[in-house]
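Chemist: Could you have a look at this structure, given as structure tokens, before my questions?
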Amino acid sequence: MSKMILTHAFAAFVFIALAVYQPAAEGLMASLIFAAVSLEMGFVAQHTKKALFRVPAFLIWCFAYPHIFNVLLGIADLSWDSSVLWTAEGSGPFAAYLAALVFTLLAAVLSFRLFLKSVKLNRYLYYFLLPCFTLITSFFIVSSRHNPFAWSTFFNSPAEAFNQLLGQFAALNLPLFLGLTFIQLMLLILLGDD
């Protein structure tokens with residue numbers, strides 16, 4: 001329970017720091033909100049026994065989790081002037097950005113672990129499903145960066161949505177895709193439970 005309280009305290013601190021210092025990173029607040037939502041859904045899944053709450057929490061988490069990693073892709077759009085960075089005016093926004101970056105990555109790992117604890121997978125199934133999960137997540141992260149998938153298309157015309165997914169797979173940036181998969185695997189394995 002103390003981890004839940006501390007997590008909310010750190011999240012509040014990071015949100016306040018972003019509001020005060022407003023680092024010039026596009027989509028940073030959205031990534032932070034997605035991280036907080038995925039973390040909340042992980043807490044819901046772990047601390048409730050009813051499927052009535054777990055299933056919607058899992059669906060919301062599946063939507064929010066891939067958006068967390070947009071904060072990593074946003075690094076490419078940033079440039080910090082080193083002469084300003086170490087001044088009082090520049091170090092505040094930079095520190096707020098770093099806090100948001102670290103929090104979003106930790107929230108991704110913690111929310112994933114909370115969901116795993118709630119379903120109690122054995123170790124072998126976990127290590128089988130983990131690469132599948134990270135590959136799927138990386139696909140949605142990379143493909144949504146250039147051509148977002150419209151869920152309305154999936155509900156209106158599943159065949160057209162399938163063709164759209166195949167087109168995104170054909171145009172996939174393979175080095176970025178593999179890099180994000182590796183980063184997720186590294187985070188989820190090294191920061192996971194032993």
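The values are calculated or read from the model by the stated rules, or taken from the named source; none is laboratory data. What you see is a predicted model; the values in this text were computed from it and never measured. Cβ atoms come from the backbone with ideal geometry, glycine included; neighbour counts cover every protein chain shown. Each accessible area value is taken on the protein alone, full model and side chains, heavy atoms only, with ligands, DNA and RNA left out. Shrake-Rupley method; radii C 1.70, N 1.55, O 1.52, S 1.80 Å.
Chemist: Along Cα→Cβ, 7 Å out, is where each label goes; now give me the distance between the ones at Leu52 and Phe128 in nm to one decimal.
Modeler: For the pair Leu52/Phe128, the computed spacing is 3.4 nm.
Chemist: A further question on this structure: Roughly what percent of Cα-Cα pairs across region 1-120 reach past 17 Å? Could you put the intermediate results ahead of the total?
Modeler: Working: 4023 of 7140 pairs.
Tail of the P(r) past 17 Å holds 56 percent of the pairs.
Chemist: What do you reckon, how do Ile60, Ile5 stack up by accessible area (1.4 Å probe), largest on top?
Modeler: The most accessible residue leads, giving Ile5, Ile60.
Chemist: Keeping every protein chain in place, order Tyr124, Tyr65, Tyr21 by accessible area at 1.4 Å, biggest value first, i.e. largest first.
Modeler: The most accessible residue leads, giving Tyr124, Tyr21, Tyr65.
Chemist: Could you give the C-alpha radius of gyration of region 21-80 expressed as a fraction of 2.2 N^0.38 Å, taking N as the number of residues it contains? Intermediate results must be reported in sequence, preceding the final value.
Modeler: Values: Rg = 14.3 Å, N = 60, 2.2 N^0.38 = 10.4 Å.
Rg over 2.2 N^0.38 Å, computed on Cα atoms: 1.37.
Chemist: With every protein chain left in place and a probe of 1.4 Å, what is the accessible surface of Ile16, to the nearest 10 Å²?
Modeler: Approximately 110 Å² for this residue.
Chemist: Subtract the Cα-Cα distance of Val20 and Met4 from 0.36 nm times their separation in residues, and report this length gain in nm to one decimal.
Modeler: Gain in length upon complete extension: 3.3 nm.
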